[in-house]
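Coordinate-derived values only; no laboratory data. Quick caveat, the model's predicted, so the values are computed rather than measured. Positions of Cβ are generated from backbone atoms using ideal geometry, with glycine treated the same way; all protein chains shown enter the neighbour counts.
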Amino acid sequence: MAPFPSGLLVLTAPLGALPRRAAAALAEAAGLVTGPLYVHLQPGLRLDGPAPRPAAPPPAAALLRALAALYAAAAAHRGLDVRVLLGHGHRLARPPRVLLADGGAGDAGPVRVALRELAAAAYGCPPELPALLLSGSDGPEASPDGSGAELPAFSDVAVGGTFDRLHGAHRLLLSACCLLARRRLLVGVADGELLRHKVLRELIEPYELREAKLREFLADVQPAVLYDIVPLGDPYGPAVTDPELRCIVVSEETRRGGEAVNKKRIENGLAALELFEIELMEDPHHGLSEEEKISSSSLRRRLLGTLLRPPRDSPALPPRPYIIGLTGGSGSGKTSIARRLEQMGAFLIDADALGHAAYLPGSPAHGRMVAAFGAEILNKDGTINRKILGAKVFGNQERLKSLTDIVWPEIARMVRERIREAGAQGKAVVVLDAAVLLEADWQEMVHEVWAAIIPEEEAVKRIVRRDGLSEAAARNRLRSQMSDGQRVRRAQVVLCTLWEPEVTRRQVETAWELLQQRLNGATAATPSS
């Protein structure tokens, strides 16, 4: 059966039974639905009885525990977009294309009819949707445990975070906010300077995308609440000046931030907010050197070595050899990555070494440089004194462009020669190691761009240690280069050498293995002549 782009899963087990029942249902649903999987909770509903009427569970502690269990179970399935609905009577952002129910819901025929009736009444779904019964659990049903103590209610609630790649812990946090808020939820989304020290900040989704995902999720989950989503340029935002707020929702790791907000509010003559704390959610996939809790930084780390965007459409390039353009700034560890790829079978072209060759007497570029910058750039043996030449172009963009207009085309010519050599040797993959790959527009010569990135502070330490420069000189060098953010926006694959060498090795191996899969898939898709 082909997977469906979206689905609605109806769970009718008592809230106390959900941790066990939901895990099995979500595991099966994950193989059926590729997009949003909406979950309608209605404990005690008989789908094989009279026509069902939609009703939401009351906002109580048992519901919050059930939500935690559902989102924790969903975290075991990477990419599963679960949205547990806390309200009904509205159209969903991605209308369900299939209806699902736990296999223990009753006789198949009447249950399918009831599923369609419930989906139509609650969410306006068309009556002809396919309805499937999951295998479910055959164990004894837990007895109803009641809803437990009701959660407190507040007119206006605040919450803050980065909300990058909206994961299960975010969804639980936001769902708790929806249960507490009776009128409005103020969501502060970290942006600008607040992202500066985030791990792999270059991979954080743009603010506009994060806001759009938040708005869609919240409107799906509980449309009865007014959502005010704002960018945060400082740790406080409007939470320290808004007199209508009554509560701020935090986790164990953000509680101190909530306390800091209250301190500022008191300084501003406003009442302190009630702090409502949500437990952190364990990450079932966490690996070595990763946090045990679900976090956006861990999810960003897992993107390293994977294909972030499709390879360039480059009909002018022959399919073999397949050319990877590897770039990165000073101190990024690009060279060590290039050597590892060479060990794994790639044909390596070092553009920096070719650049040195371009300066040698007798090269086409040598005479043009002398003509452009004068004989004073020559040593006695006719070689170019790169220090003197560097002093001539330093800080002068026009002269620097004159130099690169001479040198870069000559390097590109030599690169093409080396690519032809690789093809003649039967090499399947060529790696072009080039710091100025993007600045020189050499991406036109490659099928994919791979970027090595590193935080500026770490790059400065490496440059100072390796080259003996002062810290100020190291920073100036980095800031004269393209930023990692600019590289990432144009790269198909991103790698980072910030951690132990073993972590880098695994990233490179992942990138290589996925590349081989792409190449083998392309070969299989090409019809034989």
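For the stretch 472-511 and the stretch 26-76, what is the separation of their C-alpha centers, rounded to whole Å?
About 42 Å separates the Cα centre of the stretch 472-511 from the one of the stretch 26-76.
Determine the distance separating the Cα centre of the stretch 397-446 from the Cα centre of the stretch 117-131; give it in Å without decimals.
58
Please work out the FRET efficiency for the pair HIS77 and ASP441, using the Cβ-Cβ distance as r and a Förster radius of 30 Å; give the result to the nearest 0.05.
FRET efficiency, HIS77 to ASP441: 0.10.
Quick one: if you stick a label point 7 Å off each Cα along the C-beta vector at GLU277 and ARG20, how many nm between them?
3.1
Mind checking the full-extension length gain between ALA224 and ALA372? Use 0.36 nm per residue of separation minus the Cα-Cα distance, one decimal, nm.
Gain in length upon complete extension: 46.3 nm.
Please compare each pair in LYS334/LYS427; LYS387/LYS461; LYS198/LYS334; LYS198/LYS392 to a cut-off of 30 Å on the Cα-Cα distance and tell me which ones are over it.
With Cα atoms farther than 30 Å apart: LYS198/LYS392.
Taking the Cα centre as origin and putting +1 on Lys and Arg beta-carbons and -1 on Asp and Glu beta-carbons, what dipole magnitude results for the chain, to the nearest 20 debye?
1200
State, to one decimal in nm, how far the label point of ARG320 lies from the label point of LEU308, with both points 7 Å from Cα in the Cβ direction.
3.0
Here are labelled values, [x] 31.6; [y] 33.2; [z] 24.7, and one is the computed mean projected area of the Cα convex hull in nm² for what I pasted. Which one?
Here mean projected area of the Cα convex hull in nm² agrees with entry [x].
Leaving out same-chain residues fewer than 8 places away, which aspartates and glutamates sit with a Cα under 19 Å from that of LYS213?
ASP81, ASP164, ASP191, GLU202, GLU205, ASP228
Starting from the Cα-Cα distance between VAL113 and ALA357, subtract it from 0.36 nm times their residue separation and give me the gain in nm to one decimal.
Extending this stretch completely gives an extra 80.2 nm.
Among the helices of the chain (complete DSSP H runs), which have Cα atoms covering no less than 20 Å along the helix axis and a Kyte-Doolittle mean of at least -1.0?
61-75, 108-123, 207-221, 397-424, 501-525
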